[in-house]
Structure formats: C-alpha cells, structure tokens
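Below you'll find the structure, written out as structure tokens, and then a few comments.
The numbers here are math on the coordinates, done by the rules we state, and not lab data. Source: prediction; values computed, not measured. Glycine also receives a Cβ, built like all others from the backbone with ideal geometry; neighbour counts cover every protein chain displayed.
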C-alpha cells in the first residue's frame with residue numbers, strides 16, 4: 001500500500017494536495033486540528049474544508065492532531081510506517097503580525113512541529129519524500145535593499161540591475177536582515193529540513209513560497225492577501241493598505257501549480273534542495289493593481305483606506321525567480337495566471353460569504 005501524509009490538510013495547500021494526490025496513492029492521511037481558527041478567528045476556520053474532504057475523497061482519513069504532539073504524531077507514523085511514500089508538510093502559523101504576539105506558540109508550531117515530522121519520517125519512513133512548505137520571509141527584508149524604482153502603480157527593480165530581472169533567486173542571503181518572528185521560526189524549520197536531507201541523505205525538498213493562493217483559501221486580514229482582498233471586494237468590508245504607497249509587489253502562485261511542483265519533485269527527488277516557489281514574472285501584481293482587478297471582476301468599487309505604517313519586515317517588491325526549479329524539472333509549467341486565480345477566488349468566495 002502507498003500512503004501520503006499531509007499536514008495542514010484542510011488549509012489552502014494541504015487540501016489542494018489531498019485532492020491532487022488522491023488518485024496517486026492508495027491512502028491519503030490528513031492531519032489538521034483547525035488551529036487556524038484559534039489563531040485568526042471564526043472567519044478563518046477550515047472546518048468546512050475538513051468536512052468537504054471527508055465527503056468527497058473516498059481514500060482520505062482525517063486525524064485531528066496537533067503536530068507539536070510528538071507522541072500522537074508517532075502513533076500515526078507507526079501505524080503506516082514503511083507504507084508512507086510521501087510527507088507533505090503544509091501546517092504552520094503563517095502570519096508575521098500574529099507571531100509577534102505569541103513568539104513561543106509561533107516557534108513551537110513552525111520549528112518544533114517541523115522537526116517532529118522530519119525525525120518521525122527518518123525513524124519510520126526514511127525513504128519517503130518529504131516536502132516542506134517554507135516561505136520567502138526566510139530572506140527577511142533583504143529584498144528591500146535591491147535598487148527599486150517607483151512606477152505609476154508599482155515598485156519595480158531597476159532595469160540596469162539585470163541579475164534580478166527574472167526575480168529573486170536562492171542565492172539571496174538569509175543573514176543580516178530583519179525577518180519578523182514568523183520569518184525567524186520558518187528559517188529554523190527551513191534550515192533543519194535542508195539538514196535532514198543533506199546530513200541523513202533523505203529526500204527532502206524545501207519550497208519557499210511567494211503568495212500562495214487559490215479558491216480554497218480562508219483568507220483573513222493577517223494572512224491570505226488575495227483571498228481576503230477579494231472577500232472585502234465582494235462584501236464591501238473595509239480593507240486597509242499598509243505602507244509603500246500601495247505599490248508593494250507580490251507574486252502569486254495558485255495552490256495547484258505549487259502542488260504540481262511537489263509532484264515533479266517526488267518523481268525525481270533530491271536531498272535537501274531549496275527552491276523559490278512563487279508566481280514569478282508569470283503571475284504578480286502590486287496592491288494597487290490587485291484592487292483594480294478585484295473591482296473589475298466584482299463590478300464594484302472597493303471600500304479601502306491607506307495607512308502609512310508598513311508591516312515590520314514586509315517586502316516592498318517580491319518576485320520569485322523559479323529558474324532553479326525549472327532547470328531541475330523542465331517539464332513543469334504554470335497552469336494559472338493572476339486573473340484566473342482571482343476569478344476562481346471570487347466564484348468560490350461568493351458561495352461562502
């Protein structure tokens with residue numbers, strides 16, 4: 001029997017992975033205790049997605065377990081042991097704003113939880129492929145040191161800075177930068193995941209996401225940029241743009257495209273490799289541009305205001321250079337662009353709000 005374990009299985013990337021891998025493995029084991037609701041409130045609950053997966057995926061089995069609970073997690077790994085072919089670790093505390101309120105909770109979820117999963121994989125399923133969803137926040141605010149120019153609706157890297165025209169690659173330093181507490185906990189997890197791959201020779205892939213998005217996202221003000229923006233566009237709720245004149249740029253990757261990266265890695269794994277994984281030049285926007293697209297799709301003007309105070313450690317301009325992954329896995333391609341993503345979010349969100 002072939003088994004895939006997916007943590008954060010009712011979240012955006014986790015639930016996409018459940019559906020994607022359901023016909024590729026005999027058994028899909030989901031681990032999610034809806035901590036997202038505890039962190040961000042009732043609007044962020046993924047209970048609806050848990051129920052949906054159990055109803056729609058016949059070979060899906062759900063465990064309401066906290067990844068910080070080593071003993072409970074060990075029982076799961078013991079149960080399936082060598083049948084485990086893949087571990088997709090998407091569970092996290094994902095907000096740098098929230099992390100500053102409870103650093104111990106943030107670190108134990110992101111760092112200790114990841115270490116638990118790596119060690120249990122090594123002990124019980126050492127040949128399995130381990131996927132860790134990291135973040136571009138591991139680079140801290142180093143991207144803000146790039147030479148940026150202000151355009152009408154966005155910041156952009158200077159044209160004479162040719163090295164970054166395709167985006168930011170994995171050679172950018174993780175040091176000498178302000179990460180936010182969230183970024184720091186993800187750095188710890190990112191590095192230990194790489195180390196399990198390189199030191200123990202395990203098949204570990206680290207994917208440093210840009211803005212991960214898609215129609216299954218339960219977006220909130222503190223996490224889920226496009227999803228929460230579209231939610232406000234539909235409902236008329238107030239949205240606050242924080243700093244950088246609303247011209248800060250993010251690349252946005254659809255959850256399906258990211259999970260498809262995982263699948264390509266699984267078929268030809270490497271040991272402790274790290275990849276930037278975002279929308280790249282294919283799918284990106286500034287805050288101002290995203291508001292325009294939301295207004296176009298909904299046919300309504302958004303209710304928003306501007307605050308001069310940017311979030312601590314926030315990026316002014318982030319576009320991922322995915323050249324390294326493309327070089328290792330040349331058959332991988334994007335399926336969705338920015339407008340595709342926002343239309344899907346609109347259609348899905350319209351049924352839930």
Filter pass, residue 236 being within 30 Å of residue 333 (Cα to Cα) and touching a residue at least 24 places away in the same chain (Cβ under 8 Å): no
Close pairs (9 angstrom Cβ cut-off, 6 or more residues apart or separate chains): on the phi > 0 side of the Ramachandran plot and touching a residue at least 60 places away in the same chain (Cβ under 8 Å) in segment 160-179, outside any loop (DSSP other than H, G, I, E, B) and surrounded by 13 or more Cβ atoms within 10 Å (Cβ to Cβ) anywhere: 167/157; 167/251; 167/276; 167/280; 167/281; 167/284; 167/320; 167/323
Failed condition for residue 138, given (1) crowded, with 17+ Cβ neighbours inside 10 Å; (2) over 18 Å from residue 181 (Cα atoms); (3) in contact with a strand residue (DSSP E or B) (Cβ under 7 Å, 6 or more places away or on another chain): (2)
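Find the residue count for segment 301-320, including only residues that are closer than 16 Å to residue 251 by Cα and in contact with a strand residue (DSSP E or B) (Cβ under 6 Å, 6 or more places away or on another chain).
If we filter segment 301-320 for residues that are closer than 16 Å to residue 251 by Cα, which is where we start, we get 314-320.
Narrowing further to those that are in contact with a strand residue (DSSP E or B) (Cβ under 6 Å, 6 or more places away or on another chain): 316-320.
The number of residues fulfilling the criteria is 5.
Here are some residues: 274, 290. Which one is crowded, with 16+ Cβ neighbours inside 10 Å and either part of a loop (DSSP other than H, G, I, E, B) or touching a strand residue (DSSP E or B) at 6+ places or on another chain (Cβ under 6 Å) (or both)? Steps first, answer last, please.
Working: 290 fails: either part of a loop (DSSP other than H, G, I, E, B) or touching a strand residue (DSSP E or B) at 6+ places or on another chain (Cβ under 6 Å) (or both).
Just one listed residue meets the conditions, 274.
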